[in-house]
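Only one structure is covered here, and it is reproduced in the block below.
The values are calculated or read from the model by the stated rules, or taken from the named source; none is laboratory data. Computed from a predicted model, the values in this text were never measured in an experiment. Neighbour counts are summed over all protein chains in view; Cβ atoms, including those assigned to glycine, are modelled from backbone coordinates with ideal geometry.
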Amino acid sequence: MSRRVHWIVLGIALAVGVGIGAAISVVRSSGAPASPVVSGTPTVANPLLDPGTPLKGVAPGFTLTDQFGQRVSLRSLRGKVVVVSFNDPECTTICPLTTTALLHAKELLGPAASGIELLGVGANPEATEVKWVRAYSQAHGMMHKWRFLTGSLPELKRVWHAYGIEAAVVKVLIDHTPATYVIDSRGRFSRLYLTQMAYSSVDQLGFEMAQSLAALLPGHPHLHGTQSLAPISLLGPRKPVTLPQAGDGTVRLGPGSGPHLVLFFDTWETEVADLSAQLEALNRYQAAARSKGLPPLVAIDEGGVEPSPQALPGFLHTLPHPLSYPVAVDESGRVADGYREQDSPWLELVSGSGRFLFYEDLAVKGWPSLPQLLTKVHAALARAKG
């Protein structure tokens, strides 16, 4: 089941369009915990990037349980700069982008990152057991890189309320606020980030976060690297692109390469699905495509949000049978965003001229059988000719 993330913040809908950004103030009412309220601010150069919003006020305290079953309180982390990110442990959309950005931010800080503590807080009312935050941490290579906290549903609801987080089941999907808070060493709010569904801006988000964190650390350490925050040129089906192929060689897409059935995926989907079996089942489509003259299949792994460069080759090595279709790697995320990927796994049929003929959110609708897939492809090609 897909765990979608929507823009919901305590009764104030964030407009999602050309850009985002929020100005946060802290509201208090007779003994109630501090709660952030959102209002609009100017956007940055890249409309797919939130530059973060300055905050004021004391961050509400809480005590929850991490992926090792240990109780952790926010107060016990005083003296460190703390990053609190609200994540669904079954998420296949924005949450993996956020956690990748957090890790990138720590990398940019180098040795100074020892003064940073990364906390995830579960934001799925149906996955509150420790096994879920542990599985997510394992799948994303983060077991010893952060503390992913959970608790009973009443405990979590108190934290969600205190931090202005909406988390609910909406038509069998999980909607939650994609918020990440930066809290200084005195336990006070410093900044809020809201992640967008954009693979290509993950490194930019990490750089923005790293700058905010460095400003709160002693000596304001320099970052180990630079990053342009300008808009990023995306690579959609109307633009030629050559991607590295897993193992060896390259894969060409775009004008001149003909129509393609394109599958976007990530190896960490094994946490919530039998990815191996589903990828192997697509060998049957590739054989049918060759015999019937249908568009060939190309799979694209989102390398930029994999837990390590070894994740994809290691996963492919475990498959009982080799895949009969190429697996390309999209390190920059520019292809994913250009092809309008909104979840993982995500399937699209594109024409030779770069038209989108159909798409399927497999995380929501499930993987189609071979007859179902062939029917969809034939129908889409017929519509394109009509």
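A few points about this structure:
- Check on Gly115, closer than 27 Å to Gln227 by Cα, surrounded by 23 or more Cβ atoms within 10 Å (Cβ to Cβ), in contact with a Leu (Cβ under 7 Å, 6 or more places away or on another chain) and assigned by TED's automatic domain parsing to the domain that holds Ala168: no
- Looking only at residues of segment 257-285 that are of a type in the set (Asp, Glu) and assigned to a helix (DSSP H, G or I), we find that the one that is farthest from Val133 (Cα to Cα) is Glu280.
- Residue match in segment 156-171 (condition: of a type in the set (A, V, I, L, M) and in a loop (DSSP other than H, G, I, E, B)): yes
- Under the condition of being of a type outside the set (A, V, I, L, M) and either in a helix (DSSP H, G or I) or within 13 Å of Pro96 (Cα to Cα) (or both), the residues counted in segment 132-147 number 7.
- Within the set Leu109, Leu102, Leu97, the sole residue that is farther than 17 Å from Ala214 by Cα and either in contact with a Lys or Arg (Cβ under 8 Å, 6 or more places away or on another chain) or part of a helix (DSSP H, G or I) (or both) turns out to be Leu97.
- Within segment 148-180, being surrounded by fewer than 23 Cβ atoms within 10 Å (Cβ to Cβ), at pLDDT 95 or above and touching a Leu at 6+ places or on another chain (Cβ under 8 Å) holds for Gly151, Glu155.
- Failed item in (1) touching a helix residue (DSSP H, G or I) at 6+ places or on another chain (Cβ under 8 Å); (2) surrounded by 19 or more Cβ atoms within 10 Å (Cβ to Cβ), with Lys80 passing the rest: (2)
- Of all residues in segment 118-147 being hydroxyl-bearing (Ser, Thr, Tyr) and under 22 Å from Gly303 (Cα atoms), the one that is surrounded by the fewest Cβ atoms within 10 Å (Cβ to Cβ): Ser137
Results for (1) polar (S, T, N, Q); (2) without any contact (Cβ under 8 Å) to a residue 60 or more places away in the chain, shown as yes or no for each residue.
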{"site": "Thr318", "(1), (2)": "yes, yes"}
{"site": "His321", "(1), (2)": "no, yes"}
{"site": "Arg334", "(1), (2)": "no, no"}
{"site": "Gly338", "(1), (2)": "no, no"}
{"site": "Gln342", "(1), (2)": "yes, no"}
{"site": "Gly354", "(1), (2)": "no, no"}
{"site": "Pro371", "(1), (2)": "no, yes"}
{"site": "Leu374", "(1), (2)": "no, no"}
{"site": "Val377", "(1), (2)": "no, no"}
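- Looking across segment 290-310, the residues that are surrounded by fewer than 20 Cβ atoms within 10 Å (Cβ to Cβ) and part of a helix (DSSP H, G or I) come down to Arg290, Ser291, Lys292.
- Candidates Thr226, Thr128, Thr180 - the one that is under 20 Å from the mean Cα position of the chain (by Cα), within 21 Å of Pro51 (Cβ to Cβ) and β-branched (Val, Ile, Thr): Thr180
- On inspection, Thr242 passes the criterion of being without any contact (Cβ under 8 Å) to a residue 12 or more places away in the chain and in contact with a Ser or Thr (Cβ under 6 Å, 6 or more places away or on another chain).
- Some residue of segment 360-375 being surrounded by 20 or more Cβ atoms within 10 Å (Cβ to Cβ), in a helix (DSSP H, G or I) and modelled with pLDDT of 95 or more: yes
- When we screen Ala22, Ala59, Ala105 for residues that are farther than 30 Å from Asp301 by Cα, at pLDDT 95 or above and crowded, with 18+ Cβ neighbours inside 10 Å, the only hit is Ala59.
- Filtered by the rule that a residue be part of a loop (DSSP other than H, G, I, E, B) and farther than 17 Å from Asn87 by Cα, segment 181-202 gives Asp184, Ser185, Arg186, Gly187.
- Taking segment 63-77 as the range and being among the hydroxyl-bearing types (Ser, Thr, Tyr) and closer than 15 Å to Lys131 by Cβ as the test, only Thr65 passes.
- Members of segment 183-196 that are at pLDDT 95 or above and either farther than 18 Å from Trp160 by Cβ or not assigned by TED's automatic domain parsing to the domain that holds Val82 (or both): Asp184, Ser185, Arg186, Gly187, Arg188, Ser190, Arg191
- Against the test of being within 19 Å of Lys239 (Cβ to Cβ), of a type outside the set (D, E, K, R) and at pLDDT 95 or above, the options Val327, Val298 yield a single qualifying residue, Val298.
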